[in-house]
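Each remark here refers to the structure printed beneath this line.
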Amino acid sequence: MSDIITELDFDSKSLWQPKGFEPHPFPEKTWPLITELGLKSLTQVEGEDLKEIQEKFERPMITGTFRHFTNEKIEKLALMWVLISKSIVGGSWVGWPRDGYDFPGLVIAWEESKKRLHIIIDLVPTVDCVEFEWYREKYLDGLEPVYAEFKDLIGPNSTYNWFRAMESPYMIFDSPNERREKALNCELAYIKYWVEMVKKAEPVQDAKHREYADRRKKIIQQQLRKRDPLGSVLVRTLGPDVGKKAILGYT
């Protein structure tokens, strides 16, 4: 964990203060897969300048950084790497298709402390998989063998019903059995699958379906923006103004 990630321009270990263990190298392991997408830096979302949170920030209860990316198919893809209360490391990748594309969003979370691990691993459908079964078959069912390999990581599901309503059939949540190396490998497998899916994605041709997928995506983003408990953590630890920028960056 000591090597500097030159492409991301930060040393992930420098964000950590030893508390009896060393967290898993989430940025180092995930970033090489993401680079295949030919991304460029994203520094502004909805009129808000994100550069402030792309510098290393240090507050009494939080230290860390964000990175934000985009390309011709991806509206925004956000990396978070933070240390909360000098004892919990939080890493995530959250990515959304650009308007005109309907592939699932990427939601990957890694929350690790000495005592426990919490993970969220999913490709969030932008189209209802019951009404449009072809969508599940096209974008998600290829995860079946990966899901079969890692489904024993699944613990109790989220207590938030609004969040459960967004899930795909391939959600991996919580990992109470503490198999951390396997959990990280699962995150890598889902990211790799999403990256390949994005590379193959084509614009939606049907105008009605395109409008529907764009609208559903925005509803999901707004739900996360208003209700995701991470948002309240960021507002409390970074302050309302900076916290708002952090939330906009990943939702």
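How about the range 76-123: which of its residues are of a type in the set (S, T, N, Q) and under 15 Å from P27 (Cα atoms)?
Once the filter is applied, which keeps residues that are of a type in the set (S, T, N, Q) and under 15 Å from P27 (Cα atoms), the range 76-123 yields only S92.
Among L83, L33, which is the only one that is aliphatic (A, V, I, L, M), more than 16 Å from Y250 (Cα to Cα) and in contact with a Ser or Thr (Cβ under 6 Å, 6 or more places away or on another chain)?
L83
Go through the range 196-209 and give me each residue that's assigned to a helix (DSSP H, G or I) and surrounded by fewer than 17 Cβ atoms within 10 Å (Cβ to Cβ).
E196, K199, K200, A207, K208, H209
Suppose the filter is aliphatic (A, V, I, L, M), more than 15 Å from the chain's Cα centre (by Cα), part of a helix (DSSP H, G or I) and surrounded by 20 or more Cβ atoms within 10 Å (Cβ to Cβ); does I53 pass it?
yes
Exactly one condition in (1) part of a helix (DSSP H, G or I); (2) in contact with a Leu (Cβ under 6 Å, 6 or more places away or on another chain) is false for E149; which is it?
Evaluating E149 over (1) part of a helix (DSSP H, G or I); (2) in contact with a Leu (Cβ under 6 Å, 6 or more places away or on another chain) leaves (2) as the failure.
Could we say that R136 is in contact with a Cys (Cβ under 6 Å, 6 or more places away or on another chain) and closer than 25 Å to Q222 by Cα here?
yes
Would you tally the residues in the range 92-124 being aromatic (F, W, Y) and assigned to a strand (DSSP E or B)?
Selection size over the range 92-124: 3.
Please find, within the range 102-151, the residue that is surrounded by the most Cβ atoms within 10 Å (Cβ to Cβ) out of those that are in contact (Cβ under 8 Å) with a residue 60 or more places away in the chain, within 16 Å of R179 (Cβ to Cβ) and of a type in the set (A, V, I, L, M).
I121
For the range 151-167, check the following and say yes or no: at least one residue is of a type in the set (G, A, S), within 26 Å of E36 (Cα to Cα) and modelled with pLDDT of 95 or more.
Checked against the condition, which is being of a type in the set (G, A, S), within 26 Å of E36 (Cα to Cα) and modelled with pLDDT of 95 or more, the range 151-167 yields no hits at all.
Under the condition of being in a helix (DSSP H, G or I) and of a type in the set (D, E), which residue from the range 164-195 is farthest from L123 (Cα to Cα)?
Of everything passing the filter in the range 164-195, E181 is farthest from L123 (Cα to Cα).
Test Q222 against the stated conditions and say whether it is of a type in the set (S, T, N, Q), surrounded by fewer than 14 Cβ atoms within 10 Å (Cβ to Cβ) and in contact (Cβ under 8 Å) with a residue 24 or more places away in the chain.
The answer is yes for Q222.
Would you please name the residue that is surrounded by the fewest Cβ atoms within 10 Å (Cβ to Cβ), looking only at residues in the range 172-191 that are closer than 18 Å to E28 by Cα and more than 13 Å from the chain's Cα centre (by Cα)?
E181
For the range 225-241, give me each residue that is under 17 Å from the mean Cα position of the chain (by Cα) and either at positive phi or buried (at least 16 other Cβ atoms within 10 Å of the Cβ) (or both).
Hits for the range 225-241 are D228, L230, G231, V233, L234.
The values are calculated or read from the model by the stated rules, or taken from the named source; none is laboratory data. Keep in mind that what you see is a predicted model, and the values were worked out from it rather than measured. Cβ atoms come from the backbone with ideal geometry, glycine included; neighbour counts cover every protein chain shown.
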